[in-house]
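**Q** I have a structure here, written as structure tokens, and I will follow up with some questions on it.
The values are calculated or read from the model by the stated rules, or taken from the named source; none is laboratory data. These numbers were taken from a predicted model, which means no experiment stands behind them. Note that we place each Cβ from the backbone using ideal geometry, even for glycine, and neighbour counts take in every protein chain shown. All accessible areas refer to the heavy atoms of the entire protein, side chains included, with ligands and DNA or RNA removed. Shrake-Rupley method; radii C 1.70, N 1.55, O 1.52, S 1.80 Å.
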Amino acid sequence: WPKSRVVVLAHSKDDELVEWEQVEAMKKVLVAQSWAEDAEEGGREVHVLEIVGSHDGVWNDGKEVVRAVGVAVGKILGASGGSGCGR
């Protein structure tokens, strides 16, 4: 993703199929590729978001998916100089 500025890795510690260590491994790979947890303006940011619910429950309920998308949009607008979601 050469032009991307934000990656949000959303995962639940209640997920019974995918271990939390998978998210940490993905973050480690991105950090090794010049992504930062707290990117300065113009930098590439990786953000780990802990969501709540079981593997399928997160999708079935949808609330945590909506929250994760909201965080991603907020980060993207913040990274591009936008004022945020509806603010």
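**Q** If each residue of separation counts as 0.36 nm, what is the full-extension length gain between Val69 and Val48 once their alpha-carbon separation is subtracted? Could the numbers behind the result be given before it?
**A** Details: separation 21, 0.36 × 21 = 7.56 nm, distance 1.26 nm.
Separation in residues times 0.36 nm, less the Cα-Cα distance, equals 6.3 nm.
**Q** Could you list which residues have their amide H under 5 Å from that of Glu45, counting only those 5 or more apart in sequence or on another chain, with H placed in the peptide plane?
**A** Val6, Val7, Ala36
**Q** Calculate what fraction, in whole %, of the accessible area of the chain sits on carbon and sulfur atoms when a 1.4 Å probe is rolled over the protein chains. Please report the intermediate quantities before stating the final value.
**A** On the way: 3180 of 6010 Å².
So the carbon and sulfur contribution to the accessible surface is 53 percent.
**Q** Still on this structure, please answer the following. Calculated from DSSP H runs of 4 or more alone, at -39500 (n - 2.57) each and per residue, what is the 222 nm mean residue ellipticity of the chain, nearest 500?
**A** The per-residue figure over the chain is -13500 deg cm²/dmol.
**Q** Quick one, which of (i) 14, 35, 22, 13, 9, 5, 2; (ii) 16, 44, 27, 10, 2, 0; (iii) 17, 43, 32, 7 is the actual P(r) over Cα pairs in 10 Å bins from 0, in percent calculated for this model?
**A** Correct label is (iii).
**Q** Compute the long axis of helix 20-32 from its Cα atoms, compare it with the longest principal axis of the Cα atoms of the chain, and write down the angle in degrees, 0 to 90, nearest 10.
**A** 20
**Q** Also: Excluding Val52 itself, what net charge comes from residues whose Cβ is under 12 Å from its Cβ, given Lys and Arg +1 and Asp and Glu -1? Let's see the in-between values first.
**A** On the way: positive: Lys13, Lys63, Arg67; negative: Asp14, Asp15, Glu50, Asp61, Glu64.
Net charge in that neighbourhood comes out at -2.
**Q** Shifting gears a bit: For the chain, find the longest principal axis of its Cα atoms and tell me its angle to the long axis of helix 63-79, 0 to 90°, nearest 10.
**A** 10
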